[in-house]
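Let me begin by presenting the structure, written as structure tokens, before commenting on it.
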Amino acid sequence: MKNLMRLATKSLVWLWQEIRKYKVASSVVISFALVFLVVSILIGMPPIGYIVLTTFIACPTLLYVYKNKNKSTTNTRLLLVFFAATVGTLIVIQAIPYGKNHTNPPINGEPAWSSPRTREIMVRACFGCHSNEVEYPSYASVAPISWVVQSHIDEGRSKVNYQEWNVNQRGAHDTIEVIQNGSMPPSFYTTFGRHPEAKLTKSEVAELIAGLQATPGFNEGDH
Ligand code: HEC
């Protein structure tokens with residue numbers, strides 16, 4: 001444990017020295033990292049996405065710096081290595097199968113919607129993640145965006161699936177609440193102008209809630 005701490009401290013000190021030695025390259029890399037971080041948060045990147053991308057890009061870059069620790073290199077060369085590592089990573093991760101399968105499971109029953117209008121609004125705002133009729137956008141075939149999309153669908157379906165009504169959907173009782181407090185659809189679903197159809201107006205929200213209250217399965221006490 002003590003050795004591990006010593007190693008970690010030593011690595012950090014070394015990293016800091018290298019950053020100061022290559023100020024230009026470091027500023028560019030750090031700026032890129034910040035932009036990546038902000039965009040990732042806005043689109044709801046799953047934790048594994050950060051880990052895989054950072055590791056894949058950092059390993060060859062740091063290895064290069066380490067190998068050149070005595071015969072110092074240049075900012076330009078360092079940046080070239082960093083960008084090569086980034087491009088290489090973006091190519092290699094396309095081979096990861098997660099998020100590539102865009103087939104939907106069969107539909108196993110839906111609520112007895114109180115009106116076609118209720119269903120229509122639910123489809124627009126919620127079926128992108130909580131159904132078995134998910135329409136994958138074309139960009140969902142490209143990693144790491146495919147991981148983002150798939151993780152939202154997997155997590156969304158596991159909470160409540162409005163087309164698996166044959167089994168008890170515990171999450172269904174929270175439907176009205178999450179629509180009322182505006183937490184669903186999640187903000188990342190509509191960032192960067194995507195899915196404008198899922199942005200409900202105040203009157204649509206009111207209409208939807210009234211429609212759900214009249215649909216069995218959405219009120220506390222319903223089964
Ligand atoms: C971008 C995909 C996506 C869309 C679109 C979406 N959800 Fe979700 N939903 C999720 C994810 C991911 C979770 C689990 C994480 C969370 O609770 O924030 C979730 C959780 C939920 C839960 C469980 C909440 C809890 O407290 O456990 C309910 C209920 C729900 N969503 C309803 C809806 C409704 C209703 C809509 C449409 C108005 C909607 N969702 C639209 C992804 C989505």
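Throughout, read-outs are computed from the coordinates displayed, never taken from laboratory work. Everything numeric in this text was worked out from a predicted model, so none of it was measured. All Cβ positions, glycine included, derive from the backbone under ideal geometry; neighbour counts span all protein chains shown.
Largest first, the extents of the alpha carbon coordinates of the range 2-95 on the three principal axes equal 39, 36, 25 Å. Placing a pseudo-label 7 Å from each Cα along the Cα-to-Cβ vector at K69 and R20 gives an inter-label distance of 1.7 nm. For the options L34, L200, L53, a Gaussian network treatment of the chain with springs between C-alpha atoms closer than 10 Å singles out L34 as fluctuating the most.
Which of the pairs K21/K69; K2/K71; K10/K67; K159/K202; K21/K67 have their Cα atoms more than 22 Å apart in this structure? Table pairs above 22 Å Cα-Cα are K2/K71; K159/K202.
Which helices, counted as full DSSP H runs in the chain, have an axial Cα extent of no less than 27 Å and a Kyte-Doolittle average of -1.0 or above?
Working: long enough: 2-21 (28 Å, -0.35); 23-43 (30 Å, 2.49); 47-67 (30 Å, 1.28).
Helices passing the filter in the chain: 2-21, 23-43, 47-67.
GNM remark for the chain: springs join alpha carbons under 10 Å apart, and the peak mean-square fluctuation among F82, F32, F127 falls on F32. Just report the Cα centroid separation between the range 34-95 and the range 146-223, whole Å. Using only Cα atoms to place each centre, the spacing works out to 36 Å. The Rg/Rh ratio for the chain, using Cα coordinates for both the radius of gyration and the Kirkwood hydrodynamic radius, is 1.13. Size of the range 86-211 from its Cα atoms: along the principal axes, largest to smallest, the extents are 52, 32, 21 Å.
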